[in-house]
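The values are calculated or read from the model by the stated rules, or taken from the named source; none is laboratory data. Every value quoted in this text rests on a predicted model; they were computed, and no experiment measured them. Here the Cβ is made from the backbone with ideal geometry for all residues, glycine too, and neighbour counts use every protein chain on show. Surface accessibility is based on the protein's heavy atoms, side chains included, excluding ligands, DNA and RNA. Shrake-Rupley method; radii C 1.70, N 1.55, O 1.52, S 1.80 Å.
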Amino acid sequence: MLLVKQSSLLFTNEMSKGKGPIRRSQLITTFGVGAMHTLRNGISVVTAGLDQWYKREPGSEEGELQLDEFKFNEWRLQDLLMVDHFREPPDYRAFYRFSQRETHNRELFIPHLRFPSWYRCRFCSSLTKLSLTLSEDDPKCTYTKTASGRPCGGRLLQVPVVAICYSGHMQDFPWAEWVHSSVEPSCNGSLKLEARSGSSLNGMTVVCRSCNLKRTLANTLKEGYITRSLETGRSYPCQGGRPWLGKREEGPDACDEDLKGTLRTSSNVYYPALRSSIRLPLEKLTGRTGIWARMVSDPNVEAFIEDMKTTLENGIEQDDVEFFIRKIRDKDENDILADIDDAVMVDEFNRKSRGEVIEEDLETVDEDRNTHFRREELNVLASGVQDEVLRSKITETSNTSLLAENFEDIFLVDSLEEIRALVGFSRIHSFAMEGDFGSMMKLMWKNRPKSGFKSWLPACRVKGEGILFVFKEEKIRSMEEEPGFSNKVAVLNHRKDQTPFPERDLSIRFLVIHTFAHLIIRQLVFYCGYPAASLRERLYVSGDRENPMAAVMVYTASGDSQGTMGGLVKMGEPDNLFEPLNQALENAKWCSSDPVCMEVGNQQGQGQYGLNLAACHDCCLLPNTSCEHFNNFLDRTLLIGDGNSVKGYFDL
């Protein structure tokens, strides 16, 4: 098993071995659980499951493990994801950088396993299967030539191809089955992978030395080709492999998805699934979430509840209720919980122990949990809150007609804290398992905790700032009544329904707000000092007639000093905002790819699955990290019209 250390520094002794650290934030995104990446010495590894995190380096000095240092809470996001707490990835603390008294949490690392486990000799082309936990930096080929009787001794390099499926599984390419065209080959002969003509997989041929069968790797990257073409008349489905958990294959009945061959360095091997939250002040939390937050906000009460989590991890029995309530009331010296009924506190503790979803808070509103989640944020942001974790204030818009006529309000968010949690991952497509939290979380654990109190997810906290734009509801509704715009949305919804996208039905207000976010971000980068990849959008959209939402927050939340430079909020002031906003709209009127962008986009769509209309790389698209919807569902004609009879939002 290989060690990968988390830090922003490079250590000389590790560099000499070709290894180096990775950033802690990358363990939440690019290099999370189940992700493959290549170390400095060329070894391809996969990040181990959460069961193996917070381990000590083998042979290191013993010291105290204090996990509380890495734990933190974000109660709203915890309730949404049904976990007890979050943990930050551990930073690596080399023993020589700390005093002898500072022994806690030293030399913690995140284990990685070697994958793929098949290797090819650079001299004789032999294929060799080695252990996932192999620690040797430079394995050698042991194939013995009949003539000489000596092992080849050539350096072994990992093969370039692996196999993946939509359920998130990953396994070695079935080399023996492929060359013998059999799901259950009877030949166990030595294999070799010959590179012949060409540099693509078409020029690579698998050869069995025993039976002299050979087969090229042509077409193996096509979706489902391995499953349907390995053996005539018989399928070869995914074997349920999870090498990051130490399980190469589960067996033929483990998964019924088709296998897809892919290069191990391809981007479709790993798509992290992230969920984020803007931290709200404690006093702004409502419902069951607010009750639990108050229960654990007092240090004395929290310490008692933490003890009870261990003692009563399956919930409070009837015989323990009196003791539980009495101890909480005794420790609640500041009367924070004075207005909460005893039965409510017991129910909340039991709900947490079972990891149950809060449904009571949604009984009075007809909307999904994600919309309700965003509505809570918008209500607090638009209230002009001033707190240690979140500060926002309204800015003047009446002195500029462009702002006054198109925005209900604009708020400057001087300080915010965003929590990003890794809830799982998908393969082949970024949306392959979207919304299926249970299945994605299961992929990250070999033995998932049964008690709700022991469930956790890796997450990181980042500071930032932003500008909140609240659109005029009457203008949005007037656009929704235009049949021309409704037809555009109907076309996009029809295309979306033909794809695996899990998006709910699109709306005019969504397209207007989403496209505006892209246009203003593209322009703000020239004024505020942030690169485009450091700015993000956060959409607040709901078509509920009684309680609608039409707002977007453009914000920055970076893991370093770039997240808090102050330049974005400065640009949100009335005297500064007019110029970038006006310029963004002017640029949107004529794309450098027009008239192709406007005409082709409106006729047949652009981008992935044709899910964009008049929007392309030259006018609307952003880095994927900045967009919540992977640069889909954009149309600038909804903002500025088509130059003829169709009027956009800013023309009304």
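Descriptive notes on the structure:
- Which numbered condition ARG294 misses (of (1) basic (Lys, Arg); (2) crowded, with 20+ Cβ neighbours inside 10 Å; (3) within 25 Å of the chain's Cα centre (by Cα)): (3)
- For the range 243-263, the set of residues classified as modelled with pLDDT of 85 or more and open to solvent by less than 50 Å² (accessible area, probe 1.4 Å) consists of PRO243, TRP244, LEU245, GLY246, CYS255, LEU259, LYS260, GLY261, THR262, listed by residue number.
- Just one of the listed residues (LEU652, LEU639, LEU581, LEU634) is open to solvent by 70 Å² or more (accessible area, probe 1.4 Å) and of a type in the set (A, V, I, L, M), and it is LEU652.
- Some residue of the range 318-330 being in a helix (DSSP H, G or I), modelled with pLDDT under 85, at positive phi and not basic (Lys, Arg): no
- Residues that are aliphatic (A, V, I, L, M), at pLDDT below 85 and not in a strand (DSSP E or B) were ranked within the range 1-38; the one that is farthest from THR625 (Cα to Cα) is MET1.
- Qualifying residue in the range 178-195 (condition: under 22 Å from MET36 (Cβ atoms), touching an Asp or Glu at 6+ places or on another chain (Cβ under 8 Å) and touching a residue at least 12 places away in the same chain (Cβ under 8 Å)): no
- Any chance LEU282 is under 29 Å from the mean Cα position of the chain (by Cα) and open to solvent by 20 Å² or more (accessible area, probe 1.4 Å): yes
Every residue, every condition in (1) touching a strand residue (DSSP E or B) at 6+ places or on another chain (Cβ under 8 Å); (2) under 30 Å from LEU263 (Cβ atoms), yes or no:
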{"position": "PHE411", "(1), (2)": "yes, no"}
{"position": "PHE485", "(1), (2)": "no, no"}
{"position": "LYS496", "(1), (2)": "no, yes"}
{"position": "ARG504", "(1), (2)": "no, no"}
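- Taking (1) crowded, with 16+ Cβ neighbours inside 10 Å; (2) modelled with pLDDT under 95; (3) touching an Asp or Glu at 6+ places or on another chain (Cβ under 7 Å); (4) not β-branched (Val, Ile, Thr) in turn, GLY543 satisfies each apart from (3).
- Filtered residues of the range 292-317 (kept if assigned to a helix (DSSP H, G or I) and more than 21 Å from TRP75 (Cα to Cα)): THR311
- The range 44-99 - residue that is hydroxyl-bearing (Ser, Thr, Tyr) and at pLDDT 85 or above and, of those, farthest from ALA303 (Cα to Cα): SER44
- A count restricted to the range 159-208 and to residues that are surrounded by 14 or more Cβ atoms within 10 Å (Cβ to Cβ) and basic (Lys, Arg) stands at 1.
- Subset of the range 445-464 [crowded, with 16+ Cβ neighbours inside 10 Å, touching a helix residue (DSSP H, G or I) at 6+ places or on another chain (Cβ under 9 Å) and either outside any strand (DSSP E or B) or not small (Gly, Ala, Ser) (or both)]: SER451, GLY452, PHE453, LYS454, SER455, TRP456, LEU457, PRO458, CYS460, VAL462, LYS463
- Boolean, ASN105 is more than 25 Å from LYS214 (Cα to Cα) and either crowded, with 20+ Cβ neighbours inside 10 Å or modelled with pLDDT under 90 (or both): yes
- Any chance SER353 is open to solvent by less than 80 Å² (accessible area, probe 1.4 Å), in a helix (DSSP H, G or I), small (Gly, Ala, Ser) and at pLDDT 75 or above: yes
- Looking across the range 62-85 at every residue that is aliphatic (A, V, I, L, M) and assigned to a loop (DSSP other than H, G, I, E, B), the one that is surrounded by the most Cβ atoms within 10 Å (Cβ to Cβ) is identified as VAL83.
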